[in-house]
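Below is one structure, written out as structure tokens; comments come after it.
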Amino acid sequence: MPTRWGVTHLTRMQWGEGCHCATGGHMSEISTAIDALLQARLRQLPEVERESARWHTLGERLAELADALADLRAHTTMDAELVAALTLPQLTETQLSVAQAADSFRVIASRFTRATVNIGVSGAARMGKSTLLQSISGLDDNQIPTGHGIPVTAVRSRIFHSPAVRRAELEMHSPESFLATVISPLHAALDLSPVPRTVAEFGRWVYPEVLPDTRDRVLLTRLRELQSALTSYEPLLTGGVRTVPLEEVRPFVAYPTHEEITKAGERVGRAYAAVREARIECAFPHEHVARIGIVDLPGLGEVVADADRRHVAGLRNEVDAVLVVKRSSDTSSYFDETDTAGLGLLEEVRGFVRSTGEFTYLVHNADPDKPHLAENLRGDLLRNVNGGEPDRFFTVFETDVRDPERVGREVLGPLLKRMAEGLPVMDAEVLAGIRTQASSVRDRVRLQLTDLRLALDQVAQRAGVPEEVNDAKAAQLRSAVARRLRGLVAELAAEAHGSMVGPGFGEALEKAYEGVLEWIQDGFGKGTDAWREEALTCMITEGHSAAFAGPEFSRVRVEISRRFAALDDFFTARLNAAWNRTAAMLAAECGALFQRNDSRQADSVSSSDDATATPSAHPGRDVLAELAELFARSSQPCPGLASAVDSLLDVRLEYRTLLYPRVRPELAPLNLQVTHPNTGEQMQQVAVPLTAEGAEHLHELFNSLAEQAAFRIKQSLSQEAAVPAAVIHALVEQFEDTLIRSGTSVMEFRRFVRSYRNDLWPAEFKGIDEANSRFARVLRVVQDISDVLDEEQP
């Protein structure tokens, strides 16, 4: 009976040479489909990684909340009732759930970044699991041991197709992991306590001679075997990764054979005990399997304490499907309790995949020489596993695992076809399951935040500063700042419009003018003789004086204008002085909030009248920038106040902006063609002989015109001495008006005072505001958590 994927209970006849579903072009199509699947997984990765980061951030914020609540509960103003209200008994459990959600997204991100589709192969001992692995991978008993009647696979192995590399990478136990994952479970199963704390202590441990229970005797035997063989593997307990040739890997992944035990007795080596996991790379014998990985799971149902459970631990999202091998034999031609328990264990690996049959497949290992036994198991699987309907719950692949060709045709081919079609659905189910689980955690966090907000309301009502006191202090601070800034604005107005204009601008202007004259007298920066020689050469070469005079006029104009730009140093100093004076007014009213800057503020006040001081001598800009940040990042943000300070700091005073309109007209005569003062017509003002005397005359003409232009610029700019002061006055006046009288000023001064009361007036509010500061921290973290929870979900 066909299944939804068109795959039925498979026999050799159904997958004979006439069928092409698992060979040739169809295998190529399957390989292409798997490649497309892996690419589709990668496209989902960015969103999964963002969700993982979001949950990691939420975990960090919850840890911060736990610290903030503990800090607030410990304050002396909190009575027993408030402490109880601020205790969230489920917070630790919630943190664990959030960490698990973050880890779930991290694990599925790992699933989506895998370069292979991974197939787990499992089954109880003696069912042919290792033989099936050999037929798939092309390895032999030296790498994947087989045995008759006893378990052989001791270590979980991952096997990957590699056309060029043949090697095994062994992840080794450290002493700590060996004791925790190998010895401790055996002690727990035998109810032996305590557990050895060191490997040496394990070597000296005295164990009972015999135990009455059969299972316990087997476990005790395994423990004694590990102890007696300790010297054979203790040097290998190094942690890290060890690379060995495939020909030498068997003792690292397999239990000793009966012959080895008989020959060596208790001295038999057990190197496998030092290995956590093996990764094997080799060339698979089947086509189109480059993107396939095989995970070899040690036999399910082993009596060793939790061996099967430990081997499947951590495999969720690491394998995409599992083949469970069941052999028809004289003693196992039915599905027994061990097999059922093994399938139940694989449910943990299946995770959020909804259909067991899409994840777990049964391989009926039929012996062609014993058809009656195969028929018995075939019937049992039909009746007791699939409820009388072929492949109803589990698809059964029937093959002889000893035959690689049949395995490729009857197991690997149809399995890969099924996976190529079904894995996108399973990926979506896994991701949806994790998101649903995470959504439940998110709802629990929101519920706890609601409870916490109610508790915080109690704290605010009973432990805080009365709101009228806060409002009064805010009004006091706002008025005091307004008085100081109004006085500064009056001083700046007098400087801009009165007789208080200082000598700084005149001195800076004279210095720039002298610099221009020196440059002119130095042959316009080239030396007088060199300038004349260059002029003469150009005039003779081109046959007229305009060839030199035109470009030179342009160069001289630009250079004179550039040299007057030295006034920018003056403007920068004046602006820094204004920032220093403004910062000093604010700092005078902000108390200990700027205590760490007291020494810098003292320097700024003492030098506030020195408009020529260097910027590094004035910390006002730094103080204002810090104030803007305090406004913006307070527990109750003040964006309007922060914007006012930012606008004050965003202004630039520059020569090119303020004075270009005065300079450019005075440079007009420095052109080859000028306007006749009487007729208004264009005329060329340079015409000299093409001789040395002509070059000398040309130099005299350039000198005269350049010096006259520089003088006119100086005279014109001197009339603008009040402009910088006027600009600074307007700038600070606008700042004062915005800070004090904007529509949100009163409200934001109240917010500012609530956030920094303890810093502004430490003597008055020290005890209360210490609690309020801790209270504000809790509020901020609660808001941060809410922001993370409210981020847009996919």
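Nothing in this text is a laboratory measurement; each read-out follows from the coordinates by a stated rule. Because the structure is a prediction, the values reported are computed rather than measured. Glycine gets a Cβ as well: all are built from the backbone with ideal geometry, and neighbour counts include every protein chain shown.
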Q: Quick one, could you list the DSSP H helices from the chain stretching 24 Å or more along their long axis (Cα atoms) with average Kyte-Doolittle hydropathy of 0.5 or above?
A: 723-741
Q) How many nm is it between the label spots at E405 and Q685, if each spot is 7 Å from the Cα in line with the beta carbon? A) 10.5 nm
Q. Once phi is turned into ³J(HN,Hα) by the Karplus curve 6.51 cos²θ - 1.76 cosθ + 1.60 with θ = phi - 60°, what whole-Hz value does each residue of the range 176-187 show in order, with x for glycine and proline?
A. 5, 5, 4, 5, 6, 9, 10, 7, 4, x, 5, 4
Q) Given Cα pairs under 8 Å that are at least 6 residues apart, what percent is the relative contact order of the range 116-402? A) 30 percent
Q) How do Y334, Y255 rank when sorted from fewest to most other Cβ atoms within 10 Å of their own Cβ? A) Y334, Y255
Q | Among beta bridges that DSSP assigns inside the chain, antiparallel share in %, nearest 5 | A | 40 percent
Q: Would you work out the charge dipole size for the range 116-402 about its Cα centre, treating the Cβ of every Lys and Arg as +1 and the Cβ of every Asp and Glu as -1, and quote it to the nearest 20 debye?
A: 480 debye
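Could you sort the peptides 779-786, 166-173 by per-residue average Cβ neighbour count (10 Å cutoff), highest mean leading?
The peptides rank, most packed first, as 166-173, 779-786.
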Q.
Can you compute 3J(HN,Hα) from phi for each residue in the range 365-370, using the Karplus curve 6.51 cos²θ - 1.76 cosθ + 1.60 with θ = phi - 60°, rounded to whole Hz and x for Gly and Pro?
A. 7, 9, 8, x, 7, 10
Q | Dipole in debye (nearest 20) - the chain, about Cα centre, beta carbon charges: Lys, Arg +1; Asp, Glu -1 | A | 1480 debye
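Can you quote the Å³ per residue value for the convex hull of the Cα atoms in the range 358-455, rounded to an integer?
Considering the Cα atoms of the range 358-455, their hull volume per residue is 140 Å³.
Tell me the relative contact order for the chain as a rounded percent, counting alpha carbon contacts under 8 Å between residues six or more apart.
Details: 1139 pairs, mean separation 126.5, N = 794.
Normalised by residue count, the contact order of the chain is 16 percent.
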Q.
Tell me the label only: which of (1) 56, 31, 22; (2) 72, 42, 26; (3) 84, 42, 26 is semi-axes √(5λ) of the Cα gyration tensor in Å as calculated from this structure?
A. (3)
Q: Would you work out which of Y233, L219, L705 lies farthest towards the positive end of the dipole of the chain, given +1 charges on the beta-carbon of Lys and Arg and -1 on that of Asp and Glu, about the Cα centre?
A: L219
(Q) At a 10 Å Cβ-Cβ cut-off, how would you order I728, I108, fewest neighbours first? (A) I728, I108
**Q.** Residues of type lysines that K326 reaches as a straight line, Cα spacing below 26 Å, ignoring anything fewer than 8 places off in the same chain
**A.** K129, K370, K417
Q. From the square roots a ≥ b ≥ c of the eigenvalues of the alpha-carbon gyration tensor of the range 84-216, which class results: rounded (a/c under 1.5), prolate (a/b over b/c), or oblate?
A. oblate
Q. Sequence-distant or interchain residues sharing an amide H contact under 5 Å with S162, placed H: which?
A. C282, A283, F284
(Q) If you restrict to DSSP beta bridges whose two residues both lie in the range 116-402, what percentage is antiparallel, to the nearest 5? (A) 40 percent
(Q) For V295, what residues show an amide H to amide H distance below 5 Å, using hydrogens built from the backbone and excluding near sequence neighbours? (A) I119, G120, V121, I159
Q: Rounded, prolate or oblate: pick one for the range 116-402, where a ≥ b ≥ c are the square roots of the eigenvalues of its C-alpha gyration tensor, a/c under 1.5 means rounded, and failing that, prolate if a/b is larger than b/c, else oblate.
A: prolate
Q | Listed residue (L82, A70, V48) projecting farthest to the positive dipole end of the range 33-158, Cβ model | A | V48
Q. Which far-off residues, 5 or more places away or on another chain, put their amide H under 5 Å from the one on V363, with H placed in the peptide plane?
A. V324, V325, K326, F397
